[in-house]
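So the structure is just underneath, and the comments pick up after that.
The values are calculated or read from the model by the stated rules, or taken from the named source; none is laboratory data. This one's a predicted model, so the numbers in the text were calculated from it and none came from an experiment. Cβ atoms come from the backbone with ideal geometry, glycine included; neighbour counts cover every protein chain shown.
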Amino acid sequence: MAMIQLTPAQRKEKRGDAHHLDPVVMVGAEGLTPGVLKEAEVAIKSHGLIKVRVFSDDRAAREAMLLEMADKLDAAPIQHIGKLLVLWRPVADAPAAPSDDAGAAPRVVKILKFSKRGNHRPQIKKVTVMGNERVTAGGMVKRAKKRVTSLKKKG
């Protein structure tokens, strides 16, 4: 597999997205074992952008690990800073199953009613709303009005 090539602007954006992430894969003294690569594959398949922590003091070895992981996982190497490696691969979208019925299904809606007194908690009520109903601004459930057709269209 070949690793993905990104422009510097794309790489900069991914570095910003990865800033708050925690490492999800740890590489120990054994190095890149098949188990580590398998876990990295699972993580990158579900998250897309991952951080990997390498417990090694050799910078050149960490750089080689980054390139090897990017090549084997078909990912883009984003960043190598200290003992952290950042990899990215686009997440494959799951195909959406087409719906056979076009009608709206019943759904549960939370209605929040505030107290008339300022120091009381608001009341939260869960209501099931059918396809032909709507929730008004006051929190009432009403049926949708029938559409009125004009006399021209009727005749």
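Of the strands (runs of 3 or more DSSP E) contained entirely in the stretch 26-131, those carrying at least 2 residues that are free of Cβ contacts under 8 Å to residues at least 24 places away in the same chain fall at 76-81, 107-113, 123-129. Scanning for something in contact with an Asp or Glu (Cβ under 9 Å, 6 or more places away or on another chain), in the same structural domain as residue 12 (by TED's automatic domain parsing), farther than 20 Å from residue 7 by Cβ and of a type in the set (Lys, Arg), does the stretch 34-44 turn up at least one residue? Checked the stretch 34-44: no residue is in contact with an Asp or Glu (Cβ under 9 Å, 6 or more places away or on another chain), in the same structural domain as residue 12 (by TED's automatic domain parsing), farther than 20 Å from residue 7 by Cβ and of a type in the set (Lys, Arg).
Just to be sure, is residue 45 of a type in the set (Lys, Arg), exposed (fewer than 15 other Cβ atoms within 10 Å of the Cβ) and within 20 Å of the chain's Cα centre (by Cα)? So residue 45 fits the description; yes. Determine which single condition residue 11 fails, assuming it passes every other condition in (1) within 23 Å of residue 93 (Cα to Cα); (2) in contact (Cβ under 8 Å) with a residue 40 or more places away in the chain; (3) part of a strand (DSSP E or B). Among (1) within 23 Å of residue 93 (Cα to Cα); (2) in contact (Cβ under 8 Å) with a residue 40 or more places away in the chain; (3) part of a strand (DSSP E or B), residue 11 violates only (3).
Within the stretch 4-32, can you find the residues that are under 23 Å from residue 56 (Cβ atoms) and touching a strand residue (DSSP E or B) at 6+ places or on another chain (Cβ under 6 Å)? Once the filter is applied, which keeps residues that are under 23 Å from residue 56 (Cβ atoms) and touching a strand residue (DSSP E or B) at 6+ places or on another chain (Cβ under 6 Å), the stretch 4-32 yields 15, 18, 21, 23, 24, 25, 26, 27. At positive phi and modelled with pLDDT of 80 or more, is that true of residue 131? No.
Out of everything in the stretch 79-104 that is acidic (Asp, Glu) and farther than 15 Å from residue 46 by Cα, what residue ends up being modelled with the lowest pLDDT? Lay out the reasoning, then the answer.
Here is the first cut: in the stretch 79-104, the ones acidic (Asp, Glu) are 93, 100-101.
Those still in the list that are farther than 15 Å from residue 46 by Cα too: 100-101.
Working: 100: 56, 101: 53.
That would be 101.
Among the residues of the stretch 111-155, the ones that are in contact with a strand residue (DSSP E or B) (Cβ under 9 Å, 6 or more places away or on another chain) and among the hydroxyl-bearing types (Ser, Thr, Tyr) come to 3 in all.
With the structure loaded, tell me whether residue 40 is over 21 Å from residue 91 (Cα atoms) and out of contact with any Gly (no Cβ under 9 Å at 6 or more places or on another chain) or whether it fails that test. When the stated conditions are applied, residue 40 does not pass them. For the structure I just gave you, tell me whether residue 89 is at negative phi, surrounded by 15 or more Cβ atoms within 10 Å (Cβ to Cβ) and basic (Lys, Arg). Taking the combined requirement at face value, the residue satisfies it.
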